[in-house]
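Below is one structure; the comments refer to it alone.
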Amino acid sequence: MAERMKRPMTGLMMLVGGGVLGAGLGLLFAPCAGEKSRKKMMRMGKTISNKSDRIMRDLSDRMDDLADTMSSMSGKAGKFMHLR
């Protein structure tokens with residue numbers, strides 16, 4: 001029974017140890033200071049946000065155009081079906 005308890009604890013300790021090691025290596029090899037990195041991330045976040053907003057507006061406009069086209073086509077198809 002003690003053997004069963006050791007396996008999950010070993011996995012947990014390895015996970016925590018890996019996280020600590022990864023954080024340490026990240027700090028050691030960081031390209032710039034924390035404040036500068038935060039500013040870069042904020043700028044990147046704003047850029048990505050602006051691009052995604054633009055893409056969503058463009059997609060919305062295209063969907064509106066498609067809905068208008070489909071509506072127009074359904075009206076024409078209805079008229080065509082009544083002619084037969």
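Determine, yes or no, whether Lys51 is in a helix (DSSP H, G or I), at pLDDT 85 or above, over 19 Å from the mean Cα position of the chain (by Cα) and not hydrophobic (A, V, I, L, M, F, W, C). No: the conditions fail for Lys51.
Among residues that are assigned to a helix (DSSP H, G or I) and modelled with pLDDT under 90, Met63 is not included.
The values are calculated or read from the model by the stated rules, or taken from the named source; none is laboratory data. On a predicted model such as this, the values are computed, not experimentally measured, just so you know.
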